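Each reported figure results from applying straightforward, stated rules to the coordinates on display, with no laboratory input. If you're wondering where the values come from, they're calculated on a predicted model, not measured in any experiment. Don't worry about glycine lacking a Cβ; one is built from the backbone with ideal geometry, like all the others, and counts go over all protein chains shown.
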Amino acid sequence: TFTPTPADKFTFGLWTLGNTGRDPFGEPTRSPLTPAQIVDAIGQAGGAFGVNFHDNDLIPLDASDQASAQIKSDFRKALRRNKLKIPMATTNLFSDPVFKDGAFTSNDADIRAYAIQKTMRAMQLGAEFGAKIYVMWGGREGTESDATKDPILAVKRYRKAINFLCKYNLDQNFGFKFALEAKANEPRGHIYFAVTGSYLGFIETLDHPKMVGVNPEFAHENMVGLNFVHHVAQAIEHKKLFHIDLNDQVMCRYDQDFRFASNSYKQAFFLVKLLTDTQYRGFKHFDSHAYRQSDHQDVIEFAKGSMRSYKILEYKTDQFNKDKQIQKLVKLINRDNRKLTSLTNKFTKKNAAQLLATNFNRHKLAERRLPYEELDQLTFDLLMGVR
Ligand code: GLT
Ligand code: MN
Ligand code: MN
Ligand code: MN
């Protein structure tokens, strides 16, 4: 059975099941739900671990103290009755007109300070609900014309903001791990830190690099035609995969936020295989929404389907790893040579001299079989369920 349980650590955002189907060309197609109603919907889908939110998904920007106390109490009750937790929180630094030219990288010092203040308050809110992962997606940090902003200053401003917030995290004992999320464009013409790899480089320049990792999103690398699996792999190898946003997208199209694995079956499979084989233990957040045509009932199907597809691909991973014919090929294409590996593993003058003196028959090496067609077809057969 492919029924999810909280042990799978699947999560949804208030903004994902709460999506009303509005797009740049059309009005909403679904009535808005309150945060408590969205929690009930996630509960109805069944088996999720928790719910994530932006500060203003929960508390509207200009809510009175009384109104926000009421929202919080309704939200808390909904979480309790659906046995859902809040693993991750984040800040909306992109919707309000004040952020039209960026938040941490704005050219206006007042706006930069306001963005940091807004994040501090959102961290308080996230901490109040027990979140331990704090996502930073700089959707408005970028340009349409590079006449308008200095890209080097932008990096420095972003670094200052993150350093400040890391210190605030320590000062308040929140215990957050920050997860930076890259995207190359939309809503800006060009967003700074365009891909996950940009953040992997940036993080090492921070005051508290251990506190900061990445939150790669399937669609964000695919929007610009890149291999998402490779980006996630590098994040894992750097021990920086703190969180992951799962959805789908036709390569190089507009920001689609399709249901996970609804379009790119093969890439989704290799992603789940990567996460399973490397025993990723973090949260798997479905940052996606139902088609604009869906009604509220179909939104529940969307949520169920997201988790179900992940579980199916987990099962396929297990099949792949146990398939004798596939594993025989995997073994065949990975050839070891202990003597040569020990020479190249570590530089010493002696190893270098021995390597230089080694004779390689490159024609013979080139003739070694790589039956990749056979392996890829077996993968296809397995995914299509005919194996
Ligand atoms: C927005 C964006 C996502 C980010 C969210 C966090 S908001 O929906 O498209 O990729 O993860 O700010
Ligand atoms: Mn996104
Ligand atoms: Mn995302
Ligand atoms: Mn998107």
TODO: Could you estimate the translational diffusion coefficient of the range 114-207 from the Stokes-Einstein equation, with Rh from the Kirkwood formula over C-alpha pairs, at 37 °C and 0.692 mPa s, in whole µm²/s?
DONE: 233
Open item on the list: With equal scatterers on the alpha carbons only and no solvent term, can you work out the Debye log10 of I(q)/I(0) for the range 335-381 at 0.13, 0.26 1/Å?
Closed with: -0.50, -0.97
- [ ] Please work out, to two decimal places, the log10 of the ratio I(q)/I(0) at q = 0.28, 0.31 Å⁻¹ from a Debye calculation in which every Cα of the range 42-84 carries one identical scatterer.
- [x] -1.00, -1.09
TODO: Normalising by the residue count of the chain, find the relative contact order in percent from Cα pairs under 8 Å and 6+ residues apart.
DONE: 15
Open item on the list: Explain nothing, just compute: Karplus ³J(HN,Hα) = 6.51 cos²θ - 1.76 cosθ + 1.60, θ = phi - 60°, for every residue of the range 254-266 in order, whole Hz, x for Gly and Pro.
Closed with: 4, 5, 9, 6, 5, 4, 3, 6, 7, 10, 9, 3, 6
- [ ] With only alpha-carbon atoms counted, please give the Rg and Dmax of the range 51-116, in Å.
- [x] 14.7, 45
TODO: Could you run the Debye sum over the Cα atoms of the range 124-263, one equal point scatterer each and no solvent, and tell me log10 of I(q)/I(0) at q = 0.11, 0.17 Å⁻¹, two decimals?
DONE: -0.42, -0.97
Task: Kirkwood hydrodynamic radius of the range 243-359, from inverse mean 1/r over distinct Cα pairs, in Å - done: 17.8
Task: Magnitude of the charge dipole, the chain, Cβ model with Lys/Arg +1 and Asp/Glu -1, debye to 20 - done: 2120
- [ ] Starting from the coordinates of the alpha-carbon atoms of the range 1-158, obtain the Kirkwood hydrodynamic radius over all distinct pairs and give the value in Å to one decimal.
- [x] 17.2
Task: Of K118/K183; K72/K316; K83/K177; K239/K364, those spanning more than 30 Å from alpha-carbon to alpha-carbon - done: K72/K316; K239/K364
TODO: Measure nothing but the geometry: give the 0 to 90° angle between the long axis through the Cα atoms of 296-322 and the longest principal axis through the Cα atoms of the chain, rounded to 10°.
DONE: 20
Open item on the list: Order these by the 10 Å Cβ neighbour count, fewest first: I133, I312.
Closed with: I312, I133
TODO: State, as an integer percentage, the relative contact order of the range 213-287 based on alpha-carbon contacts under 8 Å between residues 6 or more apart.
DONE: 35
- [ ] Please order R76, R335 by the number of other Cβ within 10 Å, starting at the fewest.
- [x] R335, R76
Task: Per residue Cα convex hull volume in Å³ - calculated over the chain - done: 185
TODO: For a footprinting-style exposure proxy, rank F202, F12 by other Cβ within 10 Å, fewest first.
DONE: F202, F12
Task: Karplus 3J(HN,Hα) series, Hz, for the range 367-379 with 6.51 cos²θ - 1.76 cosθ + 1.60 (x for Gly, Pro) - done: 7, 4, 6, 10, x, 6, 4, 4, 5, 5, 5, 4, 4
Task: Residue with peak Gaussian network fluctuation, the chain [Cα springs, cutoff 10 Å], from K83, K240, K339 - done: K339
Task: Calculated FRET efficiency for the pair R81/K322, C-beta based, R₀ 35 Å, to 0.05 - done: 0.30
